[in-house]
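The values are calculated or read from the model by the stated rules, or taken from the named source; none is laboratory data. Since we're looking at a predicted model, the values are computed, not measured. Please note: Cβ atoms are built from the backbone with ideal geometry, for glycine as well, and neighbour counts cover all protein chains shown. Accessible surface areas use protein heavy atoms only, side chains included; no ligands, DNA or RNA. Shrake-Rupley method; radii C 1.70, N 1.55, O 1.52, S 1.80 Å.
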Amino acid sequence: MGKFLSDFKEFAMKGNVIDMAVGVIIGGAFGKIVSSLVNDIIMPVVTLCTGGDGYRNLKYVIREGSAATADGVAAVEEVAINYGTFIMNIVDFFIIAISIFVALRVIMKFKKKEEEAPAAPAEPTAEEKLLTEIRDILKSQEK
């Protein structure tokens with residue numbers, strides 16, 4: 001059991017696993033923020049512009065529901081295709097995808113700047129070449 005725990009600790013403490021865990025947590029929080037943006041800000045404005053009562057309520061009813069009656073008839077649930085919720089989820093997906101795309105582009109821009117190699121040293125001038133030759137000649141005469 002001790003070997004198992006030490007192996008697990010070694011695995012869990014590797015940089016990639018911890019980075020991935022942090023990414024999942026931040027991604028979940030980011031998803032909630034974007035969902036709130038869609039549900040609480042964008043869709044109410046879209047609903048107001050379209051004059052409807054909200055995308056959530058858009059549905060195609062296949063079978064009407066009915067309440068239970070006093071003479072023992074059971075309640076019947078409504079069967080409907082809720083395409084309004086589907087539209088909201090599509091909008092939600094596109095906003096998340098665009099946000100992640102923009103964030104990754106910004107991150108990749110910074111990484112490219114860090115990875116750019118410094119420029120090669122400039123070619124020595126004629127004077128520097130001459131001084132180097134003189135130095136080499138003086139060193140060879142000393143020996």
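Quick check on ALA74: is it small (Gly, Ala, Ser), more than 43 Å from the chain's Cα centre (by Cα) and exposed (fewer than 10 other Cβ atoms within 10 Å of the Cβ)? Considered against the rule, which asks whether it is small (Gly, Ala, Ser), more than 43 Å from the chain's Cα centre (by Cα) and exposed (fewer than 10 other Cβ atoms within 10 Å of the Cβ), ALA74 comes out as yes. Within segment 81-102, restricting attention to residues that are more than 29 Å from LYS59 (Cα to Cα) and of a type in the set (Val, Ile, Thr), the residue that is surrounded by the most Cβ atoms within 10 Å (Cβ to Cβ) is ILE100.
Matching residues to (1) over 22 Å from ASP40 (Cα atoms); (2) not in a helix (DSSP H, G or I):
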{"site": "VAL73", "(1), (2)": "yes, yes"}
{"site": "SER99", "(1), (2)": "no, no"}
{"site": "LYS109", "(1), (2)": "yes, no"}
{"site": "GLU127", "(1), (2)": "yes, no"}
{"site": "GLU133", "(1), (2)": "yes, no"}
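The set of residues in segment 55-67 being open to solvent by less than 70 Å² (accessible area, probe 1.4 Å) and not aromatic (Phe, Trp, Tyr) consists of LEU58, VAL61, GLY65, SER66.
The single condition from (1) open to solvent by less than 100 Å² (accessible area, probe 1.4 Å); (2) within 22 Å of ILE26 (Cβ to Cβ); (3) not small (Gly, Ala, Ser) that ARG105 fails is (1).
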